[in-house]
């Protein structure tokens with residue numbers, strides 16, 4: 001007796017469809033799972049055996065072989081339990097259900113036959129759609145998440161007994177329509193009401209302008225300033241000026257969080273851009289992904305959003321250095337003996353740091369006398385390598401504000417007003433780069449950079465003088481052009497003017513030497 005089901009597992013953040021073949025033959029009772037399973041898959045044998053018995057069905061006392069194909073792909077997780085159980089019941093003649101033969105079947109079984117939800121349902125169902133499958137059988141708690149993939153007929157059940165009780169063709173029809181979200185739920189829209197708003201921030205106009213530019217072009221940014229100047233407070237307000245994710249971006253981000261087991265609301269796509277703020281004790285694996293079968297790290301969980309590293313020099317240097325490739329390539333590749341995994345890492349890096357260990361080097365004030373020697377300052381600053389700083393587009397000083405500035409609220413701009421200007425700039429970029437394979441100015445490089453970042457003659461002269469005076473790298477030169485392009489978009493200008501370039505040059509304070517800057 002033979003039966004074939006379609007199961008699925010995760011490979012990184014992508015779903016992989018697996019043929020679950022069940023063969024029941026004469027011989028001594030024996031239950032074997034082959035096809036490169038890990039320990040959690042091999043343990044399915046005991047879960048399935050107990051679940052079938054405790055449901056009231058008969059477990060075949062014969063030789064049972066389960067093959068998970070393709071055999072060269074490592075399988076992990078408990079998502080194959082339901083497919084194996086359904087295959088055994090079908091092969092032994094206890095289950096006959098129309099539509100189950102071309103159906104993705106996923107779910108973890110309890111010993112009493114109840115179904116537990118599994119992680120990564122969204123990428124698994126998306127893989128099934130690409131494979132041509134249209135029916136999905138899974139735990140009821142995962143049904144709404146699976147219904148986010150259009151064109152799929154969903155059946156959510158609570159236990160194995162419920163599956164045995166169904167007759168006829170109504171299994172998928174009866175449970176799919178009621179669980180499918182409305183079109184409004186599938187369309188991203190701004191629904192967040194942020195408690196932290198820029199209208200509450202007094203002063204710090206240059207820092208707020210820098211955040212606006214960074215948000216509009218998805219540029220990396222770092223704030224440098226003494227303690228209490230508002231660096232962290234300002235960056236924590238960054239999500240309030242970021243437009244919502246497009247529908248395509250929403251699906252990308254939601255699949256990542258589903259695979260990582262961090263999807264809090266399974267009824268709708270993630271609409272707000274992620275904002276990740278890991279502690280400085282985070283490991284390299286925690287940042288980029290780790291494990292024998294790697295799971296997404298912080299750089300992938302921040303995909304299409306913001307990765308905020310507060311007090312950047314406090315992070316171990318070897319941890320910071322692993323950011324260089326994800327920032328540049330917009331993806332991270334992790335190699336293991338069994339496979340190579342690639343995770344998307346299209347994020348905006350936002351960092352903050354003090355200028356020295358005590359925090360007051362180069363900043364004047366009666367209570368701001370620096371107690372650090374120059375070698376101490378240099379050692380502190382050297383915790384962040386030059387190549388990493390070179391990959392950060394915007395460097396801004398954030399000085400402390402005086403008492404009078406704290407009391408002046410007139411002229412404060414709200415996050416809603418800033419977001420409107422950011423959205424207008426992003427709309428210009430969407431029209432300009434349609435069909436080019438990029439979305440934001442921060443992604444410009446090579447031929448596209450030369451095409452869309454042309455300077456007037458006096459702008460070329462200014463940039464050439466600055467290039468020599470500041471000893472800029474070629475990468476810094478390109479990033480200045482990209483910042484100028486975003487400033488022009490915020491200004492509604494089709495061409496980059498010299499004024500836009502001059503402003504862009506102001507946002508590279510760390511390119512100057514320490515002696516010139518603070519001496």
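The values are calculated or read from the model by the stated rules, or taken from the named source; none is laboratory data. What you see is a predicted model, and the numbers here were worked out from it, not measured in a lab. Neighbour counts run over all protein chains shown; Cβ positions are idealised from the backbone, glycine included.
Results, tabulated for the structure shown:
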read-out	value
2 or more residues touching a residue at least 60 places away in the same chain (Cβ under 8 Å) and surrounded by 21 or more Cβ atoms within 10 Å (Cβ to Cβ): qualifying helices (runs of 4 or more DSSP H) within the stretch 418-515	474-490
Meets criteria (farther than 30 Å from residue 62 by Cβ, touching a helix residue (DSSP H, G or I) at 6+ places or on another chain (Cβ under 7 Å), assigned to a loop (DSSP other than H, G, I, E, B) and touching a residue at least 60 places away in the same chain (Cβ under 8 Å)) for residue 148	yes
Unmet requirement for residue 112, which otherwise passes all of (1) in contact with a helix residue (DSSP H, G or I) (Cβ under 8 Å, 6 or more places away or on another chain); (2) closer than 21 Å to residue 24 by Cβ	(2)
Of the criteria (1) in contact (Cβ under 8 Å) with a residue 60 or more places away in the chain; (2) within 22 Å of residue 139 (Cα to Cα), which one residue 81 fails	(1)
Answer from 78, 45, 83, 58 - the residue that is more than 13 Å from residue 31 (Cα to Cα) and in a helix (DSSP H, G or I)	83
Which listed residue is without any contact (Cβ under 8 Å) to a residue 60 or more places away in the chain, surrounded by 14 or more Cβ atoms within 10 Å (Cβ to Cβ), touching a helix residue (DSSP H, G or I) at 6+ places or on another chain (Cβ under 8 Å) and under 19 Å from residue 159 (Cβ atoms), from 59, 31	59
Which numbered condition residue 213 fails, given (1) modelled with pLDDT under 90; (2) buried (at least 24 other Cβ atoms within 10 Å of the Cβ); (3) at negative phi	(1)
Scan of the stretch 323-336 for residues that are modelled with pLDDT of 90 or more, over 14 Å from residue 296 (Cβ atoms) and touching a strand residue (DSSP E or B) at 6+ places or on another chain (Cβ under 9 Å), ordered by number	323, 325, 327, 330
